[in-house]
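*Asks:* Here's a structure for you.
Just so it is clear, none of the values below were taken in a lab; they were calculated from the coordinates. Computed from a predicted structure; not experimentally measured. So basically every Cβ, Gly included, is an ideal-geometry build from the backbone, and we count neighbours across all protein chains shown.
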Amino acid sequence: MKKILQVVGARPNFMKVAPVHTALQQYTNVRSLIVHTGQHADYAMSEVFFRQLNMPEPLYFLGIRSGTHTGMTASIMLEFERVLIRENPRLVVVVGDVTSTLACALTSVRCGIPVAHVESGLRSRDREMPEEINRLLTDQLSEWLFTTERDANENLIAENIPADKIHFVGNCMIDSLQNCLPLSDAGPLLQSLELHPGAYALMTMHRPSNVDDREGLERVIEIVRLVTSRIPLVFPVHPRTRDRLMHFSLWNQLTGIEGLYCMDPLGYLEFIGMMRSARMLLTDSGGVQEETTYLGIPCLTFRRTTERPVTVERGTNVLIDSLSAQQLEPHFIDILEGRGKGGEIPEGWDGHAAERIAAVLHQAVC
Ligand code: UDP
């Protein structure tokens, strides 16, 4: 049996690894093992995804708790090295752009084990984003680079990555979305909130640049005031955002706004159900930009740049380049009044990306 070790660490990783793990099961001479670094470890940000995405328990749980990027990177590397020495896999698969992605890619290469990167080549060109540094360095370390959109191939070529290492496979996050949509159901939550499909907006917000300082959070509160003056707003609050709101004593100010429904982060099935029935999404998430493009739901993204340009060029995504209610307003009104941007589903976002990834990985190890 050839071992392929897949790394998960944070919320956006689970929906990318799950379909690849499933697709690898069809190869009887390959064994896919999952290692969880523990970067996100609580029920709402981790365990619920294993259950809902039908993933097996991770073989190793490294138990690395949040800390500074540097501390976390160092701790993950030390623990992951032990796993690599013990398991000696043929290759390691890392996904996305979180701290665990780079830490495990670097450890693997140091141990002489080649790395495959899923969701490679995305670039925001904003090096102040920690994720951008993770993406750039992980791609330089990887032997197999799986891309979700054509722009990503061009980015990698421009960075002198040899073309034969790059595989345009489409988007395996959309595989999970397609698999799980029939199981998703916003009904119970909508009922408990007394909201109706198509008659609410949904928000996620957690990028450090938006939520880490008081000014950013005050702007978020202004945005919430604008949105709720016209339509109810559902806001599952990321733990980072909640911590920062508490830290600046702004939590009560936010949650007191009429028409706002704050809650803990939702499970995947609940969230995609809520997304599918929403009038619009307001977000700074990476993955949500893609999922809304697939679902054809208008998405307003509070970022100066996006590493996922296809969601703007082809999809329903619009960038709002400053965290400002004033900048948001015309786009928000357009959507409310039925003039929102339409879109189409990008190439290769067809529910079969993980099979294409698994085929390349199988060939690589056998
Ligand atoms: N998501 C979820 N529950 C929520 C908010 C988001 O399951 O309350 C899912 C969402 O559908 C997407 C992923 O989490 O699949 C995105 O993760 P996140 O926004 O944390 O990370 P990013 O994509 O920005 O790196």
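*Asks:* How far is it, in nm, from the label point at Val109 to the one at Ser209 when both lie 7 Å from their Cα along the line to the Cβ?
*Replies:* Distance between label points: 2.4 nm.
*Asks:* Right, something else. Multiplying the sequence separation of Gln26 and Met246 by 0.36 nm and subtracting their Cα-Cα distance, what value in nm do you get? Show your work: numbers first, answer last.
*Replies:* Values: separation 220, 0.36 × 220 = 79.20 nm, distance 4.74 nm.
Computed gain between Gln26 and Met246 is 74.5 nm.
*Asks:* Right, next: Which angle from 0 to 90°, rounded to the nearest 10, does the C-alpha axis of helix 99-110 make with the longest principal axis of the chain?
*Replies:* Once rounded, one gets 10 degrees.
*Asks:* What's the angle, to the nearest 10 degrees (0 to 90), between helix 11-24's Cα axis and the longest principal axis of the chain?
*Replies:* Once rounded, the angle reads 40 degrees.
*Asks:* From Cα pairs below 8 angstrom and at least 6 apart in sequence, can you work out the relative contact order of the range 305-366, rounded to a whole percent?
*Replies:* Values: 28 pairs, mean separation 20.4, N = 62.
RCO, the range 305-366: 33 percent.
*Asks:* Find how much the distance from Glu143 to Glu218 grows on full extension, using 0.36 nm per residue of separation minus their present alpha carbon separation; answer in nm with one decimal.
*Replies:* Working: separation 75, 0.36 × 75 = 27.00 nm, distance 4.37 nm.
So the extension gain works out to 22.6 nm.
*Asks:* Still on this structure, please answer the following. Would you kindly state how much longer the chain becomes between Glu87 and Gln363 on full extension, computed as 0.36 nm times their sequence separation minus their alpha carbon distance, in nm to one decimal?
*Replies:* Working: separation 276, 0.36 × 276 = 99.36 nm, distance 2.01 nm.
Taking Glu87 through Gln363 to full extension adds about 97.3 nm, to one decimal.
*Asks:* Rounded to whole Å, give me the distance from the Cα center of the range 179-234 to that of the range 339-363.
*Replies:* 27
*Asks:* Compute, for the range 280-335, the length of the dipole vector about the Cα centre, with Cβ point charges of +1 (Lys, Arg) and -1 (Asp, Glu) only. Units Debye, rounded to 20. Show your work: numbers first, answer last.
*Replies:* Details: 4 positive and 8 negative charges, 13 e Å.
Magnitude of the dipole: close to 60 debye.
*Asks:* While we're here: Measure off 7 Å from each Cα along the Cα-to-Cβ vector at Asp321 and Arg127, then give the distance between these two points in nanometres to one decimal.
*Replies:* My value for the distance between the label points is 2.0 nm.
*Asks:* Continuing with the same structure: Got the relative contact order for the range 217-366 handy, in percent, Cα pairs under 8 Å and 6 or more residues apart? Mind showing how you got there, number by number?
*Replies:* Values: 184 pairs, mean separation 29.1, N = 150.
Over the range 217-366, the number comes to 19 percent.
*Asks:* Loop-only check: which GluC sites (Glu not before Pro) in the range 155-235 are DSSP coil with at most 13 other Cβ within 10 angstrom? Working shown, then result.
*Replies:* Details: sites: Glu159, Glu194, Glu215, Glu218, Glu222; in loops: Glu159, Glu194.
Passing sites in the range 155-235 are Glu159, Glu194.
*Asks:* Of the options Leu181, Asn252, Tyr27, report the single residue whose Cα projects farthest towards the positive end of the charge dipole of the chain (beta-carbon charges: Lys, Arg +1; Asp, Glu -1).
*Replies:* After comparing all options, I get Tyr27.
*Asks:* For the chain, what is the calculated [θ] at 222 nm in deg cm²/dmol (nearest 500), taking -39500 (n - 2.57) for each run of four or more DSSP H residues and dividing by its residue count? Present the calculation step by step, with values, prior to reporting the outcome.
*Replies:* Values: 17 runs with 167 residues, N = 366.
-13500 deg cm²/dmol, from helical runs alone.
*Asks:* Under 5 Å between amide H atoms, partner at least 5 residues away or on a different chain: which partners does Leu91 have, H built in plane at 1.01 Å?
*Replies:* The list, which skips near neighbours in sequence, is Leu5.
*Asks:* Follow-up question, since we're still on this one. What share of Cα pairs, in percent, lie more than 39 angstrom apart in the chain? Intermediate values should be presented prior to the final figure.
*Replies:* Values: 8348 of 66795 pairs.
Every Cα pair in the chain considered, those over 39 Å come to 12 percent.
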